[in-house]
């Protein structure tokens with residue numbers, strides 16, 4: 001008997017299949033259909049372990065009030081996904097004498113004890129744990145350093161070759177070879193520029209030939225007067241000029257002119273683009289000459305120990321970055337004001353460029369120093385041979401499948417993913433075999449039942465994770481789980497231009513398929529064969545070479561070199577997509593040049609790099625009532641994540657979100673809530689959905705649960721807040737909570753969630 005196909009196989013262009021699944025679970029729970037009440041969504045935002053812990057309290061508060069079963073959609077981003085993935089997996093547990101909602105409402109379950117002890121496992125702690133982490137990080141660092149060294153050898157080999165390949169005899173060429181190389185793109189730039197001005201729209205090919213002929217004559221006249229090529233070549237200049245002019249006018253050379261457009265405007269655009277490419281080539285040659293010149297100066301005093309400076313500096317940079325105190329300091333500086341935030345980002349970008357230049361010059365100097373002890377023949381040809389050999393190796397390495405595998409293995413994705421898997425997603429790994437983490441269901445009470453053997457969180461067990469095709473919490477009376485990531489796109493895949501604004505596209509995955517931007521779910525076999533932990537980890541990949549609107553090439557290079565990246569390369573999920581990218585993945589990640597959703601592979605990172613609240617995919621589904629935990633780091637309460645949500649909702653969906661200016665005593669006002677204020681837990685806004693696809697305009701409600709100080713907090717939470725003035729908006733850089741910190745956030749979320757009533761979700 002064949003098993004029923006999963007929803008991922010169902011072809012649909014809308015969300016009717018989701019509505020059918022919601023009505024089915026509502027019927028099982030004795031709730032009204034969505035046509036009567038509208039759908040209800042819960043969005044858990046990014047914010048690392050801080051968000052996950054606060055959201056745990058919020059979800060438990062909904063469970064205590066019997067409101068968790070009303071949630072039709074669970075949308076998560078980054079840290080909210082830890083809790084969301086755990087909650088979704090709980091619905092797959094064998095039924096006990098009470099449902100998931102009642103178990104979460106209990107204060108003494110094995111689950112709660114497990115999370116108190118292991119929910120902060122994401123950051124290494126203890127000698128053995130830190131040793132393993134350092135080993136993995138150091139291995140990634142060495143791999144990145146190896147690739148950088150190869151790239152520097154290629155570039156320096158070309159730079160040296162430009163200054164030695166044409167040196168046949170001391171008096172053969174008086175002109176520096178790099179100047180001759182530079183003259184070639186400048187020649188074409190001048191000819192194309194002249195073509196633009198003298199263009200005859202009726203005879204464009206003739207105009208181009210005239211322009212190139214005039215440019216050639218000017219070049220020859222200038223060379224003849226200044227005697228630039230030297231005495232050896234001087235007598236042959238007229239003959240060379242005649243040869244070039246002849247080649248310009250014969251048919252075999254003019255054949256490429258057939259690609260020129262007959263339209264004058266398009267033709268001028270083609271000439272401009274060709275000229276821009278020539279100028280880019282000239283700029284590259286100038287950069288190579290600068291690298292060679294600086295390397296030559298340095299080589300006169302370089303020693304073997306000097307060549308170790310770049311890797312030593314990189315290692316030092318990596319060591320400093322791993323110090324938690326430095327991370328916290330940088331985070332505080334960044335959050336202390338917009339000017340400091342901008343200067344830190346710009347400073348990191350500039351530092352990345354300087355680091356690249358320093359590495360190139362050092363390798364070039366070392367190579368010149370070594371070659372200075374060889375003969376002229378070797379000095380002239382060795383860099384070229386070395387460069388060709390390394391280019392061949394990189395060409396082999398840059399085959400998409402091979403380099404993608406290398407980049408994913410050399411990142412910290414698997415390290416991060418395994419910890420999420422063990423600490424949060426393993427709660428459904430219940431059974432009696434040696435591959436099970438729990439012998440009994442973690443939903444039972446700790447004090448009423450002996451928990452038996454529970455495997456340590458450091459043990460890797462294959463059944464901690466679940467295949468994505470089998471992750472369907474809505475089939476067990478749970479919500480539909482939407483996990484949002486970001487497809488990085490710094491290069492517009494339609495025009496090829498630099499993408500200066502968002503630099504990313506939303507990617508949301510669920511058991512119904514994947515969706516990009518404003519599109520609806522589509523099936524994907526690639527998605528089916530993946531796992532839940534993979535997508536939760538990608539959704540939380542905050543530190544990456546691509547970070548949406550925060551992406552910068554210099555910073556990307558630094559993160560690539562120190563191995564501190566969590567991003568992931570994923571094959572395009574579009575069925576039968578035959579896409580390719582002109583930029584190899586290695587260089588795309590090194591220099592943050594990501595082509596976007598139409599490329600063969602996507603570079604995915606934290607969903608918060610596009611939209612951090614998790615509300616974005618719920619607006620697409622016109623969810624009537626949305627509860628959002630806005631847990632992104634916001635120490636000054638500027639509500640930048642909500643600002644981003646409001647703007648994207650208006651631009652992408654024509655949806656208006658209006659916050660109530662005077663909400664009354666039971667709500668806080670977004671315009672007046674400040675750091676240190678003790679106000680009601682919730683913020684209320686109205687969602688105005690426009691008429692769309694035959695559906696009438698409608699209103700919805702957005703309830704924002706923003707972590708802030710509340711009246712009536714427990715003594716331990718209130719005392720913790722007194723000692724830590726930045727609570728509950730402490731830096732996301734702190735991912736290892738001690739007991740009092742974990743409990744403070746958990747209890748704050750629990751208290752805030754109790755303010756949500758049944759009427760608010762009706």
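The values are calculated or read from the model by the stated rules, or taken from the named source; none is laboratory data. Just so it is clear, the model here is predicted, and its values are computed rather than measured. Here the Cβ is made from the backbone with ideal geometry for all residues, glycine too, and neighbour counts use every protein chain on show.
Can you confirm whether the stretch 577-588 contains a residue that is in a strand (DSSP E or B) and within 17 Å of the chain's Cα centre (by Cα)? Scanning the stretch 577-588 turns up no residue that is in a strand (DSSP E or B) and within 17 Å of the chain's Cα centre (by Cα). Hey, any hits in the stretch 680-692 for a residue that's touching a strand residue (DSSP E or B) at 6+ places or on another chain (Cβ under 6 Å), touching a residue at least 24 places away in the same chain (Cβ under 8 Å) and over 30 Å from residue 26 (Cα atoms)? Within the stretch 680-692 (the criterion being touching a strand residue (DSSP E or B) at 6+ places or on another chain (Cβ under 6 Å), touching a residue at least 24 places away in the same chain (Cβ under 8 Å) and over 30 Å from residue 26 (Cα atoms)), the answer is yes, since at least one residue qualifies. Looking across the stretch 1-32, the residues that are surrounded by 12 or more Cβ atoms within 10 Å (Cβ to Cβ) and at pLDDT below 90 come down to 6, 7, 8, 9, 10, 12, 15. Here residue 159 meets each of (1) in a helix (DSSP H, G or I); (2) crowded, with 20+ Cβ neighbours inside 10 Å; (3) modelled with pLDDT of 75 or more with one exception, condition (3).
The C-beta contact set for the stretch 394-422 (first residue within 26 Å of residue 134 (Cα to Cα), second residue surrounded by fewer than 20 Cβ atoms within 10 Å (Cβ to Cβ) and modelled with pLDDT of 85 or more, distance under 6 angstrom, 6+ apart or interchain) comprises 422/457.
Restricting attention to the stretch 594-626, the residues that are in a loop (DSSP other than H, G, I, E, B), buried (at least 24 other Cβ atoms within 10 Å of the Cβ) and touching a helix residue (DSSP H, G or I) at 6+ places or on another chain (Cβ under 7 Å) total 7. With respect to residue 52, is the statement that it is buried (at least 21 other Cβ atoms within 10 Å of the Cβ) and either at pLDDT 95 or above or out of contact with any strand residue (DSSP E or B) (no Cβ under 7 Å at 6 or more places or on another chain) (or both) true? So residue 52 fits the description; yes. Determine whether residue 488 is touching a strand residue (DSSP E or B) at 6+ places or on another chain (Cβ under 8 Å), under 27 Å from residue 595 (Cα atoms) and at pLDDT below 90. Answer is no for this residue. A single member of 104, 93, 153, 112 is modelled with pLDDT of 80 or more, outside any loop (DSSP other than H, G, I, E, B) and in contact with a helix residue (DSSP H, G or I) (Cβ under 6 Å, 6 or more places away or on another chain), and it is 104. The strands (runs of 3 or more DSSP E) found wholly in the stretch 462-572 and carrying at least 3 residues that are surrounded by fewer than 24 Cβ atoms within 10 Å (Cβ to Cβ), touching a residue at least 24 places away in the same chain (Cβ under 8 Å) and on the phi < 0 side of the Ramachandran plot occupy 513-516, 568-571. Please verify whether the stretch 638-657 includes one or more residues that are more than 33 Å from the chain's Cα centre (by Cα) and either surrounded by fewer than 16 Cβ atoms within 10 Å (Cβ to Cβ) or within 22 Å of residue 67 (Cα to Cα) (or both). Looking through the stretch 638-657, none of the residues is more than 33 Å from the chain's Cα centre (by Cα) and either surrounded by fewer than 16 Cβ atoms within 10 Å (Cβ to Cβ) or within 22 Å of residue 67 (Cα to Cα) (or both).
For (1) over 18 Å from residue 120 (Cα atoms); (2) modelled with pLDDT under 90, each residue gets a yes or a no:
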| position | (1), (2) |
| --- | --- |
| 733 | no, yes |
| 740 | no, no |
| 748 | no, no |
| 752 | yes, no |
| 756 | yes, no |
| 761 | yes, no |
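Within the stretch 658-670, the set of residues being closer than 27 Å to residue 697 by Cα and surrounded by fewer than 19 Cβ atoms within 10 Å (Cβ to Cβ) comprises 658, 659, 660, 661, 662, 663, 664, 669. Residues that are surrounded by fewer than 23 Cβ atoms within 10 Å (Cβ to Cβ), outside any helix (DSSP H, G or I) and either in contact with a strand residue (DSSP E or B) (Cβ under 6 Å, 6 or more places away or on another chain) or at pLDDT 80 or above (or both): does the stretch 122-131 have at least one? Looking for residues that are surrounded by fewer than 23 Cβ atoms within 10 Å (Cβ to Cβ), outside any helix (DSSP H, G or I) and either in contact with a strand residue (DSSP E or B) (Cβ under 6 Å, 6 or more places away or on another chain) or at pLDDT 80 or above (or both), one finds none in the stretch 122-131, hence no.
Within the bounds of the stretch 202-223, is there any residue that is surrounded by 15 or more Cβ atoms within 10 Å (Cβ to Cβ), assigned to a loop (DSSP other than H, G, I, E, B) and at pLDDT below 75? Within the stretch 202-223, none of the residues are surrounded by 15 or more Cβ atoms within 10 Å (Cβ to Cβ), assigned to a loop (DSSP other than H, G, I, E, B) and at pLDDT below 75. Answer with yes or no whether residue 75 is buried (at least 19 other Cβ atoms within 10 Å of the Cβ), under 30 Å from residue 417 (Cβ atoms) and in contact with a strand residue (DSSP E or B) (Cβ under 6 Å, 6 or more places away or on another chain). Yes. So is residue 62 over 31 Å from the mean Cα position of the chain (by Cα) and assigned to a helix (DSSP H, G or I) or not? Considered against the rule, which asks whether it is over 31 Å from the mean Cα position of the chain (by Cα) and assigned to a helix (DSSP H, G or I), residue 62 comes out as yes.
Residue pairs whose Cβ atoms lie under 7 Å apart, separated by 6 or more positions or on different chains, with the first residue in the stretch 656-674 and touching a residue at least 40 places away in the same chain (Cβ under 8 Å) and the second buried (at least 16 other Cβ atoms within 10 Å of the Cβ) and part of a strand (DSSP E or B), are 657/685; 657/687; 657/702; 668/682; 668/683. Is it the case that some residue within the stretch 360-381 is out of contact with any strand residue (DSSP E or B) (no Cβ under 7 Å at 6 or more places or on another chain), modelled with pLDDT of 85 or more and either over 30 Å from residue 119 (Cα atoms) or assigned to a loop (DSSP other than H, G, I, E, B) (or both)? No, the stretch 360-381 contains no residue that is out of contact with any strand residue (DSSP E or B) (no Cβ under 7 Å at 6 or more places or on another chain), modelled with pLDDT of 85 or more and either over 30 Å from residue 119 (Cα atoms) or assigned to a loop (DSSP other than H, G, I, E, B) (or both).
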